[in-house]
Amino acid sequence: MHGDDLHHHHDEDPHAPIENKDDLGHYALMTLAVRDLLVEKGVFSADDVRATVEAMDARSPAQGARIVARAWTDPNYKARLLADGSAGAKELGIDVGPTHLVVVENTDSVHNLIVCTLCSCYPRWVLGLPPDWYKSRSYRSRAVREPRAVLAEFGTAVPDDVTVRVHDSTADMRYLVLPRRPQGTEGWSEDQLAAIATRDSMIGVTVPKVTA
Amino acid sequence: MSARFTPGQPVRVRRADPPGHVRTPHYIRGKTGVVERICGEFANPESLAYGLSGEPVRPLYRVRFRQDAVWPDYVGARNDTVDIEIYEHWLEPAEGG
């Protein structure tokens, strides 16, 4: 009897001990096993792994926004960026690692939209980690099949006289949309402009907005 | 680099269904588009995925397809397109595009 009090279920008890109930799947388990083996063999250290994860998590759309803001204010930079996206990023001191970055420009006649139908390729070096919806089967299948309907769901209406150009990142390139600079931003600083170059506008599901 | 196709050239994606890791989406196989640009030469992911060298490297192209050529019932504007990266060994010369 006295022992039972210690063994009743504590599911809702906020003071219950923390237990790791994660049931690792095959790939998660393999990843950990391979990591441990490589650390054990001295190929890299556990701290190398931690530091790499930290660096990945630290990347954010702020990098992409700096690129966009500079392209909006410097036509010569924009021309170089469109010719070679990776070189354009490096010019601003942004490390793109091994990425072959292609920057595609929205104009009054073209609206660009990025997707990876095969997996979830994403320009992580300039936008950070992708949003969950970008990796969803729904977005990946529909962005290429009915892009205008997807855009409408994101609140983006593209007129019929504007070409919707979808980019499926199937292989070695990564894509960044250079949105159109909105009206009402004349005389803005690069920092002000970068603030409206949002993640979603650089994926192409929205356009930058100026709030009054 | 020796690239078989040039920008502006119509190309058709091979209609093939090999086993293994392939980066040519099913929906584009058998479709005809136009070379938008040559991206360079890259290790072949179809062997790279299995721990092999990926050599010989393959020219990689961005090919632009008209959406109404990809999806017969496509709802959108006439000029809407989809650009896809495709390795040279998946492409063959085509008419039109």
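The values are calculated or read from the model by the stated rules, or taken from the named source; none is laboratory data. Please read all numbers here as calculations on a predicted model, not as lab measurements. Backbone-built Cβ (ideal geometry, glycine too); neighbour counts: all protein chains shown.
Please list, ordered by first then second residue, the pairs with beta carbon atoms under 6 Å, 6 or more apart or interchain, first in the stretch B:69-84 and at the interface with chain A (Cβ under 7 Å from one of its Cβ atoms), second buried (at least 18 other Cβ atoms within 10 Å of the Cβ) and assigned to a loop (DSSP other than H, G, I, E, B).
Sorted first by the residue in the stretch B:69-84, then by its partner, the pairs are B:Ile84/A:Thr170.
If you go through the stretch A:167-190 one residue at a time, how many are more than 24 Å from B:Phe42 (Cβ to Cβ) and within 14 Å of chain B (Cβ to nearest Cβ)?
0
Does any residue of the stretch A:191-203 turn out to be under 30 Å from B:Leu48 (Cβ atoms) and in contact with a strand residue (DSSP E or B) (Cβ under 8 Å, 6 or more places away or on another chain)?
Checked the stretch A:191-203: at least one residue is under 30 Å from B:Leu48 (Cβ atoms) and in contact with a strand residue (DSSP E or B) (Cβ under 8 Å, 6 or more places away or on another chain).
Can you tell me how many residues in the stretch A:172-195 are free of Cβ contacts under 8 Å to residues at least 60 places away in the same chain and crowded, with 22+ Cβ neighbours inside 10 Å?
0
In the stretch A:126-166, which residue that is touching a residue at least 40 places away in the same chain (Cβ under 8 Å) and at the interface with another protein chain (Cβ under 9 Å from one of its Cβ atoms) is surrounded by the fewest Cβ atoms within 10 Å (Cβ to Cβ)?
The qualifying residue surrounded by the fewest Cβ atoms within 10 Å (Cβ to Cβ) is A:Asp161.
What is the residue count in the stretch A:196-212 for residues that are loosely packed, with under 15 Cβ neighbours inside 10 Å and either without any contact (Cβ under 8 Å) to a residue 24 or more places away in the chain or within 14 Å of A:Asp74 (Cα to Cα) (or both)?
2
Right, B:Gly20: surrounded by fewer than 16 Cβ atoms within 10 Å (Cβ to Cβ), assigned to a loop (DSSP other than H, G, I, E, B) and modelled with pLDDT of 95 or more or not?
Considered against the rule, which asks whether it is surrounded by fewer than 16 Cβ atoms within 10 Å (Cβ to Cβ), assigned to a loop (DSSP other than H, G, I, E, B) and modelled with pLDDT of 95 or more, B:Gly20 comes out as no.
Out of the residues in the stretch A:35-66 that are surrounded by 15 or more Cβ atoms within 10 Å (Cβ to Cβ) and under 30 Å from A:Val177 (Cβ atoms), state the one that is farthest from the chain's Cα centre (by Cα).
Of everything passing the filter in the stretch A:35-66, A:Arg66 is farthest from the chain's Cα centre (by Cα).
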